[in-house]
1. Just to be sure, is ALA637 in contact with a Phe, Trp or Tyr (Cβ under 6 Å, 6 or more places away or on another chain), part of a helix (DSSP H, G or I) and among the small types (Gly, Ala, Ser)?
2. Being of a type in the set (A, V, I, L, M, F, W, C) and touching a Lys or Arg at 6+ places or on another chain (Cβ under 7 Å), is that true of even one residue in the stretch 741-755?
3. Hand me the list of strands (runs of 3 or more DSSP E) wholly inside the stretch 451-557 holding 3 or more residues that are aliphatic (A, V, I, L, M) and modelled with pLDDT of 90 or more.
4. Out of the stretch 709-731, which residues are closer than 14 Å to GLN682 by Cα and surrounded by 22 or more Cβ atoms within 10 Å (Cβ to Cβ)?
5. In the set SER125, SER159, SER143, which member is surrounded by 15 or more Cβ atoms within 10 Å (Cβ to Cβ) and not hydrophobic (A, V, I, L, M, F, W, C)?
6. Kindly provide the set of residues from the stretch 737-796 that are more than 20 Å from ILE175 (Cβ to Cβ), acidic (Asp, Glu) and surrounded by 21 or more Cβ atoms within 10 Å (Cβ to Cβ), ordered by number.
7. Of the conditions (1) crowded, with 21+ Cβ neighbours inside 10 Å; (2) within 16 Å of ARG685 (Cα to Cα), TYR616 fails just one. Which one is it?
8. In the stretch 14-32, which residues are surrounded by fewer than 15 Cβ atoms within 10 Å (Cβ to Cβ) and not in a strand (DSSP E or B)?
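The values are calculated or read from the model by the stated rules, or taken from the named source; none is laboratory data. Model, not experiment: these values are computed from the prediction. Because the Cβ atoms are built from the backbone with ideal geometry, glycine has one as well, and the counts that use them run over all protein chains shown.
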Amino acid sequence: MRADAEHCSFVLLADFDIDRGAQLTYQFPQPLGTDEGLIANLMLPDGAERQPEDWTIFFLNQTPFNTIAPVLALDTPGVRSSRIEEDEDGNPELLYVLNLVRTKLDKTVRRGAIVKAMAICTRHSFIEIFKPVLLMALDDYFSDPSQDCLARLFDAVNSMDISHTPKLSRYEKLIMRTSERKDLFIEKYEDLMRPRVDPVQGRTNTHRASESVGSHSSFEEGIMMRTREDKGKGKEGDAIKGPGSSTSSLQQPGNPSPSDNEFSLDGSAVWVESGVEQSPHQPSSMGSAHTGIGSHSTTSSVRGRKSTDASSTSSIRARRDGAATPAPNAVPPILKDTHFFPATIDYNDHQLPIRLPMYTFPEEVGDYSLIQLIQTFSSPSTSISGPQHPHLHTSGNQTHPVMILFNALVTEKRIIFLGHHRPAGQVSSYVLSACALGSGCGTILRGFIRRAFPYANLMNREEWESIPGYIAGVTNPIFESSGSWDLLCDVGSGRMVVSKDIHVNYPPTATGVAPVQLVMRSGTLKAEGSIGSEEEVVRPSKDLNAVQKAEFLGKAETTDNLFMDDILSAISLHYGEPHVRARFAEYAARFVRLAARYEEEVLGLETSIGYPTVTYAEGPGEDIRLGSGLCFSDEAAGTRELAANASRIEAWRRTQSYELWKHDFNKLRETNPIQGVDVSHQLWRLRHAKRMPDGEVELIMRTLAESVQAYDQVVELLSLLPPHHQGLLPLSFGLFHQQEVIRDLTVVIFNELRSYPVGVQFLQSLNHFQRYSYVRQAHALEARIQREQNTLTIPATHAARTPSNRSESSLAGS
């Protein structure tokens with residue numbers, strides 16, 4: 001999203017003439033240079049006269065037949081240009097067209113009604129933001145039918161100021177998509193809020209490597225809080241110790257904590273009993289904190305970040321008189337939710353508030369709804385007819401309809417959404433939802449929008465039917481009998497029909513696995529079933545009984561069906577659209593990782609679409625290395641899943657989206673802030689692995705501590721720890737490990753997270769027990785580092801310190 005680009009490239013108006021049919025009346029500021037009849041028929045869909053109002057969406061510059069060629073070249077300096085630009089793949093930049101068609105009854109005209117449509121052509125995929133102004137503009141045109149209405153709309157939309165819109169990275173968007181916090185990345189809006197900050201108390205609100213600021217609530221709220229009076233005299237209402245008091249407390253004997261046992265994170269006081277502290281004289285199992293944690297712990301105090309005790313700025317700042325003053329980074333009234341950027345369109349003296357979504361990707365167009373799509377094809381009345389095909393029916397006759405649709409999308413089958421006697425806008429919404437479904441909500445795969453036609457009609461049928469793997473929305477039932485599709489989805493009845501000719505159009509091919517050889521080439525998986533060619537997995541309908549006998553087909557408890565059960569359960573429990581989108585994004589991500597594993601294990605290739613499959617290794621004569629690639633809960637389950645997905649993976653490998661993902665993955669691998677580590681693999685191991693070697697845990701924590709030392713690296717790590725997967729829980733396990741070095745490394749990682757507001761917000765989501773453990777150990781680690789830095793002699797090597805899960809008394813009694 002470019003703030004300097006024009007928001008509206010063209011404004012179009014079409015009306016219906018009883019003698020000449022649909023006519024494109026106005027094109028502002030200049031003609032599109034494409035088939036006017038095509039545009040007019042897209043703006044006035046079939047049956048528009050039966051709907052008082054309808055919204056449709058279509059695209060320009062998508063295919064050769066709808067690519068525009070503006071007649072005039074507006075290259076004059078200071079004048080906005082409508083020339084065609086190209087995207088990163090060298091294709092003409094898409095124009096998204098939002099169209100409003102309205103029917104007004106009028107007995108004075110021949111057909112008894114006037115039908116007109118107005119459309120906005122924009123480069124922004126979040127086209128839904130223009131609905132209010134388009135409604136007003138079409139009302140004005142009905143009152144005063146002239147080109148001036150189009151000019152006013154064009155100027156009003158292009159005058160919208162989004163110059164202060166934050167530029168969020170991919171991983172910042174991923175975090176924002178899964179978080180419900182309305183103050184997330186609020187520091188990114190400092191340009192918007194600067195005029196509203198008190199000049200006396202205001203300060204620049206950016207990411208710094210010193211204090212943890214920007215959180216709306218206290219990090220340690222609820223953790224062993226005591227009142228100031230309980231702590232004794234001399235506090236005078238201060239909730240936070242300054243660096244001076246921290247230094248003086250170090251000189252008091254018998255009190256090893258930096259500030260009278262007061263440990264502060266994000267400005268609030270947390271009282272830790274001295275009896276809980278580690279003994280200052282107990283030696284480290286590493287000899288010293290520096291050798292155990294590496295250089296990271298040593299530099300934690302020299303990189304400019306204040307100590308954990310001196311984080312003296314909070315979102316509610318304490319004053320000497322005891323009163324609390326709201327910090328300038330509190331959410332101002334104009335910014336109610338950082339998920340959206342507030343803007344205004346001034347149209348005909350009406351200030352229309354606009355909310356620009358900050359978390360969308362190009363493959364997400366409009367205000368689609370995955371929940372609506374899933375519920376439509378998961379109702380009791382849903383039926384599936386037609387032959388089974390290995391590309392579509394990954395669970396045999398038990399394959400869920402939504403999974404059939406997903407498989408058809410990723411394998412580039414021709415798909416039609418039919419909505420007979422339904423508004424064209426409703427059909428368009430299903431098409432856009434399907435594009436999001438297949439792409440992982442725009443976060444993983446690409447190429448679906450380029451072959452999507454949210455509303456299509458008979459006029460240019462030959463053109464869009466010639467596009468491989470098209471996804472079209474139609475309202476005319478004649479398309480069902482045409483037979484030029486592979487999967488038909490009836491949005492009215494929830495019916496799915498697989499084409500009877502699908503085996504002719506997509507004949508089964510060999511999967512690359514010998515019938516008796518599902519022992520994978522690397523030897524990491526053992527054969528529990530056999531899979532040969534697709535003919536042996538699924539034959540045409542005349543051999544349907546044999547199909548259902550396949551071991552991994554026809555079973556209800558496949559990975560896909562269990563996933564859909566979870567989704568339907570979440571919807572029934574009223575989980576929102578963001579949660580469902582996040583789950584399908586994870587499903588698409590796992591699918592491509594599974595395909596990478598398939599290429600290695602089955603085809604014997606060096607995969608270029610994912611990290612190589614490597615297991616953790618340690619031992620004599622072996623270099624210690626972390627694992628990477630997709631993990632399975634057990635090898636037998638992995639064998640069955642690879643077997644069940646072999647056909648659709650082979651089909652996906654022959655599609656354009658596969659090539660686009662290959663390009664995107666290699667680009668991500670080169671540009672990711674965290675280099676050389678498959679972070680998803682390490683987090684999966686921390687979440688699910690049983691009996692992990694201590695060496696692997698230590699190496700994971702050490703690698704993360706060394707790799708996460710900058711803001712972009714913190715954001716990438718946090719994007720893989722979404723709230724619906726318990727956030728930082730996998731890392732917090734390290735706080736309770738029996739080895740001190742692992743506990744210290746976990747503290748180092750959390751300290752780095754605490755350097756940035758987004759990290760503080762994630763730390764706030766830990767439960768009280770985890771937060772208390774972090775606070776206590778961070779305080780002890782910092783105190784130990786300070787003592788060692790002030791020691792002139794090298795400490796002697798002693799036995800390992802007491803593990804955190806064993807008390808001194810129990811050791812004495814043993």
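1. Working: in contact with a Phe, Trp or Tyr (Cβ under 6 Å, 6 or more places away or on another chain): no; part of a helix (DSSP H, G or I): yes; among the small types (Gly, Ala, Ser): yes.
When the stated conditions are applied, ALA637 does not pass them.
2. yes
3. In the stretch 451-557, 471-474, 495-498 are the strands (runs of 3 or more DSSP E) which contain 3 or more residues that are aliphatic (A, V, I, L, M) and modelled with pLDDT of 90 or more.
4. Selection gives GLU716, LEU717, LEU718, LEU728, LEU731.
5. Working: SER159 fails: surrounded by 15 or more Cβ atoms within 10 Å (Cβ to Cβ); SER143 fails: surrounded by 15 or more Cβ atoms within 10 Å (Cβ to Cβ).
Of the residues listed, the single one that is surrounded by 15 or more Cβ atoms within 10 Å (Cβ to Cβ) and not hydrophobic (A, V, I, L, M, F, W, C) is SER125.
6. Hits for the stretch 737-796 are GLU740, ASP744, GLU782.
7. (1)
8. Listed by number, the residues that qualify are ILE18, ASP19, ARG20, GLN30.
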